[in-house]
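Working notes, beginning with the structure itself.
Every read-out reported here was derived from the displayed coordinates using simple, explicitly stated rules and does not represent laboratory data. Worth saying up front: this structure is predicted, and the values here are computed from it rather than measured. Using ideal geometry, Cβ is built from the backbone for each residue, glycine included, and neighbour counts are taken over all protein chains shown.
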Amino acid sequence: MMNYPSDEIGLKNRIDELNARWEAACPDGFLSYGFYPYYTKQKYRILFVGREAHSMSYDDYIQVKYKDYINASGDTNGNFHRRIFYLTYGLLNDFPEFAIIPHSSDIAKGDFAHGRLSFAFMNVSTIGNETGDTNTQWPEYEKSNKDGQRFRKEMIEILAPNIIVCAYCGWDITQLADRFESLESSELVTTEQLFFGSISCLRFDTYHWCATNAPSVGGLNDEDGFYNPLRDAFRKFRHLLK
């Protein structure tokens, strides 16, 4: 069971209330999202954004994955979640050399389980993919994207992240901002500064975290395809974080 520190209970209640309103408006296969304990205690508040969940309709994504993570289930070894842990570790620890950081399952059982590393997460689509096909189900994705835009924006405003990392779905987040500034774009990572009211954040869009290939760079490994490109972009623009 997740235990939030006392001063995060109010934030958790706000997210729960938002999810309830969101589900009432968009009930089809609704999946709720939010943040893990000690999210607000980190050096940076980091929000990861994916496209859609698989075989999890009508569930609480954060609760389910929390159990998987702290038990170091197969999730922490799969591309998607493994890369989330490596990127989080890098962002919160000034990107040490990739070779010396702990394995993702050790990060999950250690720093994550003990509140020394945390993040928020949501998918663009709140409709779970129940087809058994790992490819994005675009009609369902687009429907959920359109129907949930105002709720998704509200979640970002409540979570107030300093950093948003997207799994090749960055524009679906950028279009929610009150305004944005494009900073830099390469094949491996695109960087923007987003403004939501009085707050701003850096948004990085990478290849999808399940990806193994990119057109011009060949194979995508954890270090050269994700960790180092995000490190370089972050170090170049972190001065914009307030």
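Strictly over 19 Å apart at the Cα level, which of K12/K242; K12/K65; K41/K242; K12/K153; K67/K109 would you flag in this model? Numbers along the way, then the final one.
Details: K12/K242 23 Å; K12/K65 16 Å; K41/K242 16 Å; K12/K153 17 Å; K67/K109 10 Å.
Cα-Cα > 19 Å for K12/K242; rest within.
Name the trypsin sites (Lys or Arg not before Pro) in region 25-84 that are in a loop by DSSP and that have at most 16 other C-beta atoms within 10 Å, would you? Please report the intermediate quantities before stating the final value.
On the way: sites: K41, K43, R45, R51, K65, K67, R82, R83; in loops: K43, R45, R51.
Loop-located and lightly packed - K43.
Among M155, M56, M2, which comes first, then next, by fewest other beta-carbon atoms within 10 Å?
Numbers: M155 23, M56 17, M2 14.
Fewest to most other Cβ atoms nearby, the residues stand as M2, M56, M155.
If you place +1 on the Cβ of every Lys and Arg and -1 on the Cβ of every Asp and Glu, how big does the dipole about the Cα centre of region 21-240 come out, in debye to the nearest 20?
Working: 22 positive and 29 negative charges, 144 e Å.
Approximately 680 debye in magnitude.
Stretched out fully, how many nm does the piece from S73 to S55 gain, at 0.36 nm a residue minus the Cα gap? Don't skip to the answer; put the middle values down first.
On the way: separation 18, 0.36 × 18 = 6.48 nm, distance 1.66 nm.
This chain segment gains 4.8 nm when fully extended.
Select from region 72-162 those GluC sites (Glu not before Pro) which occupy a DSSP coil region and have at most 14 other Cβ atoms within 10 Å, ordered by residue number.
Those that pass, being in a loop and sparsely packed, are E97, E130.
Between C210 and R238, how many nm apart are label points set 7 Å from Cα along the C-beta direction?
3.1
Once you place label points 7 Å from the Cα toward the Cβ at S182 and M2, how far apart are they in nm?
Distance between label points: 3.5 nm.
Once you put a point 7 Å from the Cα of Y44 and another 7 Å from the Cα of K143, both along the Cβ direction, what distance in nm separates them?
Using points 7 Å along Cα→Cβ, the separation is 3.6 nm.
Run the Debye formula on the Cα coordinates of region 104-202, all scatterers equal and no solvent, and tell me log10 I(q)/I(0) at q = 0.13, 0.18, 0.24 1/Å.
Ignoring solvent entirely, the Cα scatterers give -0.59, -1.02, -1.23.
Charges on Cβ only, +1 for Lys and Arg, -1 for Asp and Glu, centred on the Cα centroid of the chain; of N213, Y66, T136, which one is farthest towards the dipole's positive end?
Of the candidates, Y66 comes out farthest on the positive side.
Considering only DSSP beta bridges whose two residues both sit in region 21-240, what percent are antiparallel, to the nearest 5? List each step's numbers first, then the result.
On the way: 19 of 34 bridges.
If I count the DSSP bridges inside region 21-240, around 55 percent turn out antiparallel.
Nothing charged except the Cβ atoms of Lys and Arg (+1) and of Asp and Glu (-1): what's the magnitude of the dipole of region 1-65 about its Cα centre? Round to the nearest 20 debye.
Numbers: 8 positive and 9 negative charges, 79 e Å.
Its charge dipole is roughly 380 debye.
Using the membrane-span-like helix rule (whole DSSP H runs, Cα extent along the own axis of at least 18 Å, mean Kyte-Doolittle hydropathy at least -0.5), which helices of the chain qualify?
Numbers: long enough: 9-25 (24 Å, -0.57); 79-92 (20 Å, 0.15).
TM-like helix candidates: 79-92.
Whole-Hz ³J(HN,Hα) for each residue in region 206-212, computed from phi via Karplus 6.51 cos²θ - 1.76 cosθ + 1.60 with θ = phi - 60°, x for glycine and proline: what do you get?
10, 4, 4, 5, 8, 5, 10
Hey, how many Å between the Cα centroid of region 152-199 and the Cα centroid of region 32-62?
The distance from the Cα centre of region 152-199 to that of region 32-62 comes to 16 Å.
For region 1-155, compute Rh as the Kirkwood radius over C-alpha pairs and then the Stokes-Einstein diffusion coefficient at 25 °C and 0.890 mPa s; write the answer in µm²/s, rounded to an integer. Could the numbers behind the result be given before it?
Values: Rh = 16.2 Å.
Approximately 152 µm²/s, per Stokes-Einstein.
Which Cα, out of F234, G148, Q175, lies furthest along the positive dipole direction of the chain (beta carbon charges, K/R +1, D/E -1)?
It is F234, whose Cα lies furthest towards the positive end.
Multiplying the sequence separation of S198 and R116 by 0.36 nm and subtracting their Cα-Cα distance, what value in nm do you get?
Between S198 and R116, full extension yields 26.7 nm more.
In debye to the nearest 20, how big a dipole does region 55-124 give about its Cα centre with +1 on each Lys and Arg Cβ and -1 on each Asp and Glu Cβ? All intermediate terms of the calculation are to be shown ahead of the outcome.
Numbers: 6 positive and 8 negative charges, 10 e Å.
Charge dipole of region 55-124: 40 debye, to the nearest 20.
Let me have the 222 nm mean residue ellipticity of the chain computed from DSSP H runs of 4+ only, each contributing -39500 (n - 2.57), with the sum over all residues rounded to the nearest 500.
On the way: 8 runs with 80 residues, N = 242.
Helix-only estimate at 222 nm: -9500 deg cm²/dmol.
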